[in-house]
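K.L.:
Structure below; questions to follow.
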Amino acid sequence: MSNASPSAGSIEHRTPTEGTIKQLYGTAWRCGEPTCKKPLYRLNGDTGEYILNSRIAHIHARSQGGARWDPDMSEAANRDASNLIPLCDTHAWEIDQTPQHFTADMLREWKRAQLAEYQTLQRSWSLTDAEVTDVVAASFTTLEERLLRGIHAAAESARQDERRQRQRLLIADTVHAANNWTDALQAVTLSSASDRWNRRAITEWVADNGNAMASDMQLIRSNARKLRLETRYRNLLEALDAAETAVGNPEVFDPIWRGSTTKGEERAAIYRHLNHVKRAFLNLAEIGIKILADPS
Ligand SMILES: [Zn+2]
């Protein structure tokens, strides 16, 4: 029957409570290293914002095997304010990297001096809950955890960039195909007004250009389908619906398909419709540019 001590590194006390962190920042103004002048938050001279410039350091480490680890210390004592001291990032790093130079007694002396200074100056930091979260992340996540989190964030951001790029290309191709399609119809409508344009000529034109127009239409349809799968932006989906509806095959084009010479009012209706289609795709392009702009 063994009563073996836990293996190395197996004990890890919980991090301090939010209340303790607020208390620590509420009773200190600058780094606890007595000669260090760095305030716990530094002012960004350009934006006027305060930026976290410090961390909570443990006098006796939170994890077994860490700096100044005390096997006899209870968890309650370990996460108590008396075992914790706010330090600038450099000093927080230094006392854990070279613990032989920074004994627990020495750090307790720093802490007494920090509190004494607060007693005199009454200067400290009043943290919001969000700021406490920042302090916890800066103080108690390992560098590895923070690096991994950064890698995940970068990968996710790259995925989003790719998705936006795919959507931009789909929209650009779709708008290009729609322009070709409307240009072709505009050309035949315009030509049909001339006397030299007879039924046979129109039939030939449609035969010659029909394939290109059909493939433009096919591209518009299939890109619209892909775009619907790719995007969740409601404005973009609405613009896409409007454009696809506009380019649908309305009766306004019947005179052309019949190969008859179109009358003036029929041509006017066709032009109106073509302008409507162009506007709808232009709108799709504009919304796409706005929504899918690179975040800066
Ligand atoms: Zn410092």
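The values are calculated or read from the model by the stated rules, or taken from the named source; none is laboratory data. Everything quoted here is computed from the prediction, not taken from an experiment. Methodologically, a virtual Cβ is constructed for each residue, glycine included, from the backbone with ideal geometry; neighbour enumeration extends over all protein chains shown. Remember, those area values only see protein heavy atoms, side chains included, never the ligands or the DNA or RNA. Shrake-Rupley method; radii C 1.70, N 1.55, O 1.52, S 1.80 Å.
K.L.:
Give me the extension gain from Leu147 to Tyr50: residue separation times 0.36 nm, minus the current Cα-Cα distance, reported in nm with one decimal. Don't skip to the end; give the middle numbers.
P.N.:
Working: separation 97, 0.36 × 97 = 34.92 nm, distance 2.36 nm.
Residue separation times 0.36 nm, minus the Cα-Cα distance, leaves 32.6 nm.
K.L.:
Express the accessible area of region 23-79 per residue in Å², computed with a 1.4 Å probe while the remaining protein chains stay in the model.
P.N.:
Working: 2800 Å² over 57 residues.
Solvent-accessible surface per residue comes out at 49 Å².
K.L.:
Next up: Send over the semi-axes of region 18-140's equivalent ellipsoid, whole angstrom and largest first, taken as the square roots of 5 times the C-alpha gyration tensor eigenvalues. Intermediate results must be reported in sequence, preceding the final value.
P.N.:
Working: eigenvalues 107, 47, 41 Å².
Ellipsoid half-lengths, sorted descending, are 23, 15, 14 Å.
K.L.:
When the chain is fully extended, how far beyond the present Cα-Cα distance does Glu162 get from Thr35, taking 0.36 nm per residue of separation? Write down the numbers at each step before the final one.
P.N.:
Values: separation 127, 0.36 × 127 = 45.72 nm, distance 4.98 nm.
In short, 40.7 nm is gained.
K.L.:
Is there a quick way to get the dipole size of the chain? I mean about its Cα centre, with the Cβ of Lys and Arg at +1 and of Asp and Glu at -1; what is the value in debye to the nearest 20? It would help to have the intermediate numbers written out before the result.
P.N.:
Details: 37 positive and 39 negative charges, 143 e Å.
Charge dipole, the chain, about its Cα centre: 680 debye, nearest 20.
K.L.:
Using r as the Cβ-Cβ distance of Ala113 and Ser10, and R0 as 51 Å, what FRET efficiency do you calculate, to the nearest 0.05? Can you show the working numbers first?
P.N.:
Values: r = 35 Å, r/R0 = 0.68.
Between Ala113 and Ser10 the formula returns 0.90.
K.L.:
Where in region 208-237 does the label zone of Asp183 land, with the point 7 angstrom along Cα→C-beta and an amide N cut-off under 19 Å?
P.N.:
208-221
K.L.:
Here's another thing I want to ask about it. Please sort 117-123, 161-167 by packing, taking for each peptide the average over its residues of neighbouring beta carbons within 10 angstrom, highest first.
P.N.:
Numbers: 117-123: 11.7, 161-167: 14.3.
With the highest mean Cβ count within 10 Å placed first, the list reads 161-167, 117-123.
K.L.:
So, for region 155-291, what is the accessible surface per residue at a probe of 1.4 Å, expressed in square angstrom?
P.N.:
Working: 8060 Å² over 137 residues.
So region 155-291 comes to 59 Å² accessible per residue, rounded to a whole number.
K.L.:
Run lengths n ≥ 4 of DSSP H only: what is the helix-derived mean residue ellipticity at 222 nm for the chain, with -39500 (n - 2.57) per run over all residues, to the nearest 500?
P.N.:
Values: 10 runs with 179 residues, N = 296.
One gets -20500 deg cm²/dmol as the mean residue ellipticity at 222 nm.
K.L.:
Can you list the GluC sites (Glu not before Pro) in region 11-68 that are in a DSSP coil and have 11 or fewer other beta carbons within 10 angstrom?
P.N.:
Hits after loop and neighbour filter: Glu49.
K.L.:
Next up: Rounded to the nearest 20 Debye, what is the dipole magnitude of region 18-140 about its Cα centre when Lys and Arg each give +1 and Asp and Glu each give -1 at the C-beta?
P.N.:
300
K.L.:
What distance in nm separates the simple spin-label points at Ser82 and Thr103, each placed 7 Å from Cα in the Cβ direction?
P.N.:
2.0
K.L.:
Quick check of the Kirkwood formula: for region 155-291, what is the inverse mean of 1/r over all pairs of different Cα atoms, in Å? Don't jump to the answer; show the numbers that get you there.
P.N.:
Working: mean 1/r = 0.0624 Å⁻¹.
After inverting the mean inverse Cα-Cα distance, the result is 16.0 Å.
K.L.:
Related question: Would you work out what percent of the accessible area of the chain, with all protein chains in place, is carbon or sulfur (probe 1.4 Å)? If you can, show how the numbers build up before the last one.
P.N.:
Numbers: 9180 of 17570 Å².
Its accessible area is 52 percent carbon and sulfur atoms.
K.L.:
If you don't mind, another one. For the chain, take N as its residue count and report Rg(C-alpha) divided by 2.2 N^0.38 Å.
P.N.:
Values: Rg = 35.2 Å, N = 296, 2.2 N^0.38 = 19.1 Å.
Output field value: 1.84.
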